[in-house]
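Enquirer: Can you keep this structure in mind? I'll have questions shortly.
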Amino acid sequence: MFEDDTSRYYEGEMHNGLKEGYGTQVLENGDKYEGQWKKNLKNGFGVLTLQTGDVYTGHFTNGKEHG
């Protein structure tokens, strides 16, 4: 598990101290992302569940929804 200043927790793969591969992050505001990471950014397929209940399932590029 990894903690930083913006998340409650991160659990998953890391490489050289960065989120890399598959992992789950829960932010302080309750938002949750589960999916692929590359160099600490959401990258690839994932599921973003916002604390409001809204859900985005799809691809991310450089930390942003793509598609």
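The values are calculated or read from the model by the stated rules, or taken from the named source; none is laboratory data. The model shown is predicted, which means the values in this text are computed figures rather than measured ones. Every residue, glycine among them, receives a Cβ derived from its backbone with ideal geometry; neighbour counts consider all protein chains shown. Ligands, DNA and RNA are excluded from the accessible area calculation, which covers all protein heavy atoms including side chains. Shrake-Rupley method; radii C 1.70, N 1.55, O 1.52, S 1.80 Å.
Enquirer: For the chain, with all protein chains present and a 1.4 Å probe, just round the carbon and sulfur fraction of the accessible area to a whole percent.
Expert: About 48 percent, which is the carbon plus sulfur part of the accessible surface.
Enquirer: Where is the GNM fluctuation largest for the chain (alpha-carbon springs, 10 angstrom cutoff): Tyr22, Tyr56, Tyr33?
Expert: The residue that fluctuates most here is Tyr56.
Enquirer: Assigning unit charges at the beta carbon (Lys, Arg +1; Asp, Glu -1) and nothing else, what dipole magnitude in debye, to the nearest 20, does the chain show about its Cα centre?
Expert: Dipole size: approximately 240 debye.
Enquirer: Of (1) -0.29, -0.85; (2) -0.36, -0.82; (3) -0.26, -0.73, which one was derived for log10 I(q)/I(0) by the Debye sum over Cα atoms at q = 0.12, 0.20 Å⁻¹ from the structure shown?
Expert: The listed entry that was calculated here is (3).
Enquirer: Another one. Ignoring ligands, DNA and RNA, what accessible area per residue does the chain give at 1.4 Å, in Å²?
Expert: With all protein chains present, the chain gives 66 Å² per residue.
Enquirer: Here is a follow-up. Given contacts defined as C-alpha pairs under 8 Å and at least six residues apart, what's the relative contact order of the chain, whole-number percent?
Expert: Dividing the mean separation by the residue count of the chain yields 20 percent.
Enquirer: I want to verify a result. In a Gaussian network model of the chain, Cα cutoff 10 Å, which of these has the top mean-square fluctuation: Gly17, Gly46, Gly30?
Expert: The residue that fluctuates most here is Gly17.
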